[in-house]
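The values are calculated or read from the model by the stated rules, or taken from the named source; none is laboratory data. Values in this document were obtained by computation on a predicted structure and should not be read as measured data. As a convention, Cβ positions derive from the backbone with ideal geometry for all residues, glycine included, and neighbour counts pool all protein chains shown.
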Amino acid sequence: NWHKGWNWTSGSNECPVKAACHRFDFYFPTPAALCNEIWSHSYKVSNYSRGSGRCIQMWFDPAQGNPNEEVARFYAETMNGAGLYGAWPLLLGLALMLLLLLS
């Protein structure tokens with residue numbers, strides 16, 4: 001688990017005490033293993049492609065916007081189980097407020 005346990009007191013990362021140090025590819029022999037295991041299983045390999053709006057992108061041009069905002073929004077709505085359908089009371093309320101303000 002590369003998420004915790006590292007000794008940084010020397011100014012660079014060293015293996016945790018009593019832990020066997022091996023080459024990077026020993027711990028993560030495939031890209032999928034790296035993705036799934038490096039940060040305490042915080043990420044999961046996906047079949048979606050880059051730019052699909054479903055995968056976190058580690059590197060992107062900030063001048064083009066942050067593509068991870070769309071990803072976060074998609075999964076927040078998915079985890080909520082409601083998506084746009086759960087937001088309809090809020091949207092209706094906002095529409096009514098706008099009508100009242102404009103009249």
If a residue must be in contact (Cβ under 8 Å) with a residue 24 or more places away in the chain and loosely packed, with under 10 Cβ neighbours inside 10 Å, how many such residues does the range 10-54 contain? 0
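Quick one: which helices (runs of 4 or more DSSP H) lie wholly within the chain and hold at least 1 residues that are at pLDDT below 80? Spell out how you get there, then give the answer.
On the way: elements: 24-27, 31-37, 68-80, 83-102.
It comes to 68-80, 83-102.
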